[in-house]
Amino acid sequence: MNVGIVGLGLIGGSMAKSIKTRTSHTAWGIDLEAETMTLARLSGAIDGTLTRENLPACDLVLVAIRPQAAIDWVLENSCAIGKSAILVDLCGVKRSVCAALKPIADQYGFAYIGGHPMAGRERGGFVHSSEELFSGASMILTPDARTDMRMLETLKAFFTDIGFAG
């Protein structure tokens with residue numbers, strides 16, 4: 001599976017590290033901080049930079065940035081997200097983010113579900129991320145009327161594979 005990760009701070013960086021440590025999936029990542037991108041590449045947390053060229057090939061897109069930035073990123077990149085992709089936001093705020101992202105997913109034809117990993121640390125950033133952050137943690141998903149069982153099974157398998165409780 002090709003996984004795109006937007007934001008490589010504590011949550012996104014830990015997702016990338018967990019993916020590369022526990023699965024054979026390809027992880028593409030993007031972060032505003034050049035130093036974070038360098039650390040992510042050098043540590044092997046990502047296979048390369050997430051770009052508009054490889055975004056359409058992503059089966060799963062994880063958006064791990066602040067709520068308004070997540071909405072803005074999806075708006076700016078929605079036409080490049082593949083129609084067979086699943087987009088999961090990992091923002092702590094659900095109601096406003098889900099309300100904004102569901103119509104965008106409907107318009108552009110990709111699947112969307114809100115998510116919230118129940119894990120964290122006192123310090124953020126890629127340097128504090130860990131492939132063990134999600135070990136045994138819960139992953140909360142917010143399905144709606146459009147959510148089908150196949151998507152939920154795919155996400156359950158993915159999140160369980162990277163360490164979340166089953």
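Pairing each residue of segment 139-166 that is under 19 Å from Gly120 (Cβ atoms) with any residue that is of a type in the set (Phe, Trp, Tyr), provided the two are 6+ apart or on different chains, yields C-beta distances under 6 Å for Met139/Phe159; Met139/Phe164; Gly163/Phe134; Phe164/Phe134. For segment 7-25, the candidate set comprises residues that are in contact with a Gly (Cβ under 7 Å, 6 or more places away or on another chain) and outside any helix (DSSP H, G or I); within that set, the residue that is least open to solvent (accessible area, probe 1.4 Å) is Leu8. Could we say that Gly92 is open to solvent by 30 Å² or more (accessible area, probe 1.4 Å), under 25 Å from Glu153 (Cα atoms), part of a loop (DSSP other than H, G, I, E, B) and touching a strand residue (DSSP E or B) at 6+ places or on another chain (Cβ under 7 Å) here? Considered against the rule, which asks whether it is open to solvent by 30 Å² or more (accessible area, probe 1.4 Å), under 25 Å from Glu153 (Cα atoms), part of a loop (DSSP other than H, G, I, E, B) and touching a strand residue (DSSP E or B) at 6+ places or on another chain (Cβ under 7 Å), Gly92 comes out as yes. The set of residues from segment 109-131 being surrounded by 17 or more Cβ atoms within 10 Å (Cβ to Cβ) and not small (Gly, Ala, Ser) comprises Phe110, Tyr112, Ile113, His116, Pro117, Phe126, Glu131.
Among the residues of segment 83-103, which ones are closer than 13 Å to Pro67 by Cβ, hydrophobic (A, V, I, L, M, F, W, C) and touching a residue at least 24 places away in the same chain (Cβ under 8 Å)? Correct list: Leu90, Cys91, Val93, Val97, Cys98, Ala100, Leu101. Looking across segment 57-86 at every residue that is open to solvent by 70 Å² or more (accessible area, probe 1.4 Å) and not hydroxyl-bearing (Ser, Thr, Tyr), the one that is nearest to Gly124 (Cα to Cα) is identified as Arg66.
Yes/no matrix, rows are residues, columns are (1) among the polar types (S, T, N, Q); (2) modelled with pLDDT of 95 or more; (3) touching a Lys or Arg at 6+ places or on another chain (Cβ under 7 Å); (4) within 13 Å of Gly12 (Cβ to Cβ):
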position	(1), (2), (3), (4)
Asp47	no, yes, no, no
Leu55	no, yes, no, no
Pro67	no, yes, no, no
Ala70	no, yes, no, yes
Val74	no, yes, no, no
Phe110	no, yes, yes, no
Glu122	no, no, no, no
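With the requirement that a residue be exposed (fewer than 15 other Cβ atoms within 10 Å of the Cβ) and either basic (Lys, Arg) or not in a helix (DSSP H, G or I) (or both), what does segment 26-40 give you?
Within segment 26-40, Leu32, Glu33 qualify.
Please determine whether any residue of segment 52-65 is over 21 Å from Met151 (Cβ atoms), outside any loop (DSSP other than H, G, I, E, B) and polar (S, T, N, Q). Looking through segment 52-65, none of the residues is over 21 Å from Met151 (Cβ atoms), outside any loop (DSSP other than H, G, I, E, B) and polar (S, T, N, Q). Residues that are among the charged types (D, E, K, R) and over 23 Å from Ser18 (Cβ atoms): does segment 113-136 have at least one? Among the residues of segment 113-136, not one is among the charged types (D, E, K, R) and over 23 Å from Ser18 (Cβ atoms), which makes the answer no. Scoring Asp106 on the criteria (1) of a type outside the set (S, T, N, Q); (2) loosely packed, with under 13 Cβ neighbours inside 10 Å; (3) touching a residue at least 12 places away in the same chain (Cβ under 8 Å); (4) part of a loop (DSSP other than H, G, I, E, B) leaves a single failure, condition (4).
The values are calculated or read from the model by the stated rules, or taken from the named source; none is laboratory data. Treat the numbers as computed from the prediction; the structure is a model and nothing was measured. Positions of Cβ are backbone-derived with ideal geometry, glycine not excepted, and every protein chain shown enters the neighbour counts. Areas reflect the complete protein model, heavy atoms only, side chains present, ligands, DNA and RNA absent. Shrake-Rupley method; radii C 1.70, N 1.55, O 1.52, S 1.80 Å.
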